[in-house]
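Undergrad: Quick one: the structure is below, questions incoming.
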Amino acid sequence: MPRIENSIIVERDFDTTFDLTNDIELWTKLFTEYKEAKVLEKNGNEVLFQLTTYPEGERPSRTWVSRRIIDKENKQAIAERLDPKFPFKYMNIRWSYEVLSPNQVKMTWMQEFEVDPECPISEEKMTHFLNQNTKIQMSAVKEKVESWPGNVEG
């Protein structure tokens, strides 16, 4: 089971960083890869949502549904890809936030997954792609959160 873990320091207060990065409907503004981000259902701190990516090169646009549990008190969010799972057998994601100072947060994204045996992409290539793409997306999110106007009410 491959596991990818990446961290980045965001120069912003915890509340704003956490609230922005867990507002799924804002993900089209924070990430470079999402064309659509729709909340399908909310139940307390659990969110069922659908993401659609932009097509990229020879990769077509992809859409899937995930579940996310947002746990601000414990400074984390845990998600799993539900449908379709392909090209994975499973994909579990955990985002954690560590307050380093009043205006500095270490954001860590961890992904655990297994590539579906029917997927034409090897586990090694998928791991490399996800690791590189995560770094690109974290940098984009960091830049947008740091330049976001005002504070976000959580």
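Readers should treat all values here as calculations from the given coordinates under stated rules, not as data from a laboratory. All values reported here derive from a predicted model rather than from experimental measurement. Here Cβ is always computed from backbone atoms with ideal geometry, including for glycine, and neighbour counts include all displayed protein chains.
Undergrad: Defining a contact as two alpha carbons under 8 Å apart and six or more residues distant in sequence, what relative contact order in percent does the range 40-154 show?
TA: Working: 156 pairs, mean separation 15.8, N = 115.
This gives 14 percent for the range 40-154.
Undergrad: Turning to a different aspect of this structure: In debye, nearest 20: dipole of the chain around its Cα centre with unit charges on the Cβ of K, R (+) and D, E (-)?
TA: Details: 21 positive and 27 negative charges, 30 e Å.
The calculated dipole for the chain is roughly 140 debye.
Undergrad: If you average the alpha carbon positions of the range 5-21 and of the range 47-72, how far apart do those two centres end up, in angstrom?
TA: Result: 20 Å between the Cα centres.
Undergrad: Hey, another quick one. Starting from one equal scatterer on each C-alpha and no solvent at all, send me the Debye-based log10 I(q)/I(0) for the chain at q = 0.10, 0.18, 0.21 Å⁻¹, two decimals.
TA: Here log10 of I(q) over I(0) equals -0.35, -1.18, -1.60.
Undergrad: Provide, for the chain, the number of lysine pairs with alpha carbons under 14 Å apart, each pair being eight or more places apart or on different chains.
TA: On the way: LYS29/LYS38; LYS29/LYS142; LYS29/LYS144; LYS75/LYS106; LYS106/LYS135; LYS106/LYS142.
Count of close lysine pairs: 6.
Undergrad: Moving on to the next point. So if a site counts as exposed when it's one of the GluC sites (Glu not before Pro), its DSSP state isn't H, G, I, E or B, and it has at most 16 other Cβ atoms within 10 Å, what's the longest stretch of the chain without one? The partial results should precede the final answer.
TA: Working: sites that count: GLU11, GLU33, GLU58, GLU73, GLU118, GLU153.
That gives 74-117 as the longest site-free run.
Undergrad: Note down the nm distance, to one decimal, between modelled labels 7 Å out along Cα→Cβ at ASN131 and at GLU41.
TA: 3.7 nm
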